[in-house]
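Chemist: Following this message is one structure expressed as structure tokens.
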Amino acid sequence: MPWQVLSQTVLTFLKSIDKNSSGTIDARELLEALGDSDIKEEQVQHFIEQYDKNKDGMLDLNELMDFFESIGL
């Protein structure tokens, strides 16, 4: 996927689950977005820790971009 398209897609995704409009998502917001899945808070927190470069406990646009690029999008 071209970088500009991916960037816009990830930004749209971020805005859709960023309930407090902080420009970041935390474990609670991500869990809420996942709905009634079997994913546990500890799993979400571990995922965030993997991509949270600045170690603030949240994912921003650049960190989410890194994730999506790592899975080949």
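Just so you know, all these numbers are worked out from the coordinates, no wet-lab data involved. Quick caveat, the model's predicted, so the values are computed rather than measured. Quick reminder, even Gly has a Cβ in these numbers, built from the backbone with ideal geometry, and neighbours come from all protein chains shown.
Chemist: When the dipole is taken about the Cα centre of the chain, and only Lys, Arg (+1) and Asp, Glu (-1) are charged at their Cβ, what size is it in debye, to the nearest 20?
Modeler: Value, rounded to 20: 220 debye.
Chemist: Identify, among Pro2, Gly72, Gln50, the residue whose Cα sits farthest towards the positive end of the charge dipole of the chain, taking +1 on the Cβ of Lys and Arg and -1 on the Cβ of Asp and Glu, with the dipole about the Cα centre.
Modeler: Pro2
Chemist: Sorted by average packing, counted as other Cβ atoms within 10 angstrom per residue and highest first, what order do 31-43, 15-27 take?
Modeler: 15-27, 31-43
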